[in-house]
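Structure first, then comments.
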Amino acid sequence: MNQLIFILCDKISYIYNNGASGPGCLPLTYSIIDVSENNQDGIVLDKKTPLTYDTLMFGQLTAVKHGNGRDWCVIGPPMDGKNRFTSSLLDPEGILWDHAQELGSIPNSGLGQATISPDGENFVLYNWAGILPANTYTEIDLYRFDRCTGMLSDHIQVTDTPGLPGGVAFSPNSRYLYTSHWDKIYQWDLDAPDIVASRALVAEYDGFLGDYGLPTRFYNMKLGPDGKIYINVPNFPSRYLHVIDQPDSAGVACNVLQHSVLLPTFNNYSLPHHPVTRLGVMEGSPCDTIVSAVEAPPILEQEGWSLYPNPAAGSVTLSCAAPQSGPALWLLYDALGRELRREALPARYAEKTVSLEGLAKGLYFYRVEREGEAVHAGKLIVE
């Protein structure tokens, strides 16, 4: 079966946060199309199925390759005055809504961007809210990200008052973070002992006027496949883009080239948003262990293993339809690869029920081993 999965904001909901009104996504839904059916025209398997009813930041949903090199992690930042981030896992079987995580201070939503570093280890939000020229603020929220578990950590928040609209991008080597602030561009060194103190000015708007005498300040940013960072122009349709030519270089050596790209047509201050795709397996990590556990050998179908119910709450039953060739072990792991349950399976058993007491809601991985070799493996959702 060949599936296309679409994650969409079903409706735009305007809510008030910190005295300002802004658009939010509610609910977040998914649709699945099997493109191999109906003479390759496809059939809809799921349509607008809700993933979460939390209000998420409009336009700041982002994704990165999971640590197993095959699946995808999708992150939705909150907008409804909470610090509750949502994360989902996409695998060949569809979508597993993994967890919601409360972390750090509450990010204030506004006009901005979200992105993940090319190495998949950092996640950043840039949000501006208010009315110019006064009563405005900009918040930059930086997090460490674990693409094996989908969890955020080490939150750093920087607030500028008054603030200005802008955007964010990472350098190709993931060491430097760039933020654009209307008429300034800053570089942050993520390897510095004090990341906040490392912020350095690398460019100021030179006053250039584009078509019809309109200013070409700095707005959203995008790391291109050529390793350069492109920056569009705010407020007015423009044919110009700015470029950070050497973003892996420290300080002004990054070489900001203002209004250096002339587009064939006008751009209405928008840039495409792509997930982080150029990542493979995190070899030697818990994700690598999970991948090897999920890949079951041919004996799986011969012995007819099954686990039910799934999703489960309270307990789960493991059964084997065919006679086993010897005793085995059932092992349960969390997303970090830590062993949580171990149950011996006698040679002639048919079913065994295992308690799930004490396990938090979320996604787990299990495997059946005989003489140290995996004979069955899979995923378990605890509700």
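The values are calculated or read from the model by the stated rules, or taken from the named source; none is laboratory data. Source: prediction; values computed, not measured. Note that we place each Cβ from the backbone using ideal geometry, even for glycine, and neighbour counts take in every protein chain shown. Areas reflect the complete protein model, heavy atoms only, side chains present, ligands, DNA and RNA absent. Shrake-Rupley method; radii C 1.70, N 1.55, O 1.52, S 1.80 Å.
Would you please give the residues with an amide H less than 5 Å from that of residue 69, counting only those at least 5 places away or on a separate chain, with H modeled from the backbone geometry?
Here 282 satisfy the definition.
Given a 1.4 Å probe and the protein chains all in place, what does the accessible area of residue 189 round to, in Å² to the nearest 10?
Here the residue's solvent-accessible area equals roughly 30 Å².
Which whole-percent values make up P(r) of region 44-180 when all C-alpha to C-alpha distances are grouped in 5 Å steps starting at zero?
Final binned percentages: 2, 10, 19, 22, 20, 13, 8, 4, 2, 0, 0.
Please give the FRET efficiency for residue 360 paired with residue 252, using the beta carbon to beta carbon distance and R0 = 45 Å, rounded to the nearest 0.05. Walk me through the numbers before you get to the answer.
On the way: r = 48 Å, r/R0 = 1.07.
Result of the calculation: an efficiency of 0.40.
Taking a threshold of 22 Å on the Cα-Cα distance, which of the pairs 48/82; 82/361; 65/379 fall above it? Please report the intermediate quantities before stating the final value.
On the way: 48/82 25 Å; 82/361 20 Å; 65/379 18 Å.
Distance filter (> 22 Å) returns 48/82.
Leaving out ligands, DNA and RNA, what percent of the accessible area of region 31-110 is carbon and sulfur, probe 1.4 Å?
Details: 1610 of 3480 Å².
Roughly 46 percent, rounded to a whole number.
Starting from the Cα gyration tensor of region 228-273, multiply each eigenvalue by 5, take the square root, and state the resulting semi-axes largest first in whole Å.
Value: 22, 10, 8 Å, ordered largest first.
Calculate the dipole size of region 49-95 relative to its Cα centre from +1 charges on Lys and Arg beta carbons and -1 charges on Asp and Glu beta carbons; express the result in debye to the nearest 20.
140 debye
Using every alpha carbon pair in region 172-259, what percent of pairs falls into each 10 Å bin from 0 up to the bin containing the largest distance?
Using 10 Å bins, I get a P(r) of 18, 50, 25, 6, 0 for region 172-259.
Carbon and sulfur atoms: what percent of the 1.4 Å accessible area of region 132-271 do they account for?
Here it works out to 52 percent.
At a 1.4 Å probe radius, which order do 32, 106 fall into by accessible area, largest first?
Listed by decreasing accessible area, they come as 106, 32.
Working from the alpha-carbon coordinates of region 130-183, get Rg over Rh, Rh being the Kirkwood radius. Intermediate results must be reported in sequence, preceding the final value.
Details: Rg = 13.8 Å, Rh = 12.9 Å.
Rg divided by Rh gives 1.07.
Which Cα, out of 158, 172, 136, lies furthest along the positive dipole direction of region 74-195 (beta carbon charges, K/R +1, D/E -1)?
Of the candidates, 136 comes out farthest on the positive side.
Taking the solvent-accessible surface of protein heavy atoms with a 1.4 Å probe, what is the per residue accessible area of region 79-178 in Å²?
I get 36 Å² per residue for region 79-178.
With Kirkwood's inverse mean 1/r over C-alpha pairs for Rh, give me the Rg to Rh ratio of region 115-253, two decimals please. Working shown, then result.
Numbers: Rg = 15.1 Å, Rh = 15.6 Å.
My calculation of the ratio gives 0.97.
Using each residue's phi in region 237-246, evaluate 6.51 cos²θ - 1.76 cosθ + 1.60 at θ = phi - 60° and report the 3J(HN,Hα) Karplus result to the nearest Hz, with x for Gly and Pro.
Rounded to whole hertz, the list is x, 9, 9, 10, 10, 8, 9, 8, 6, 10.
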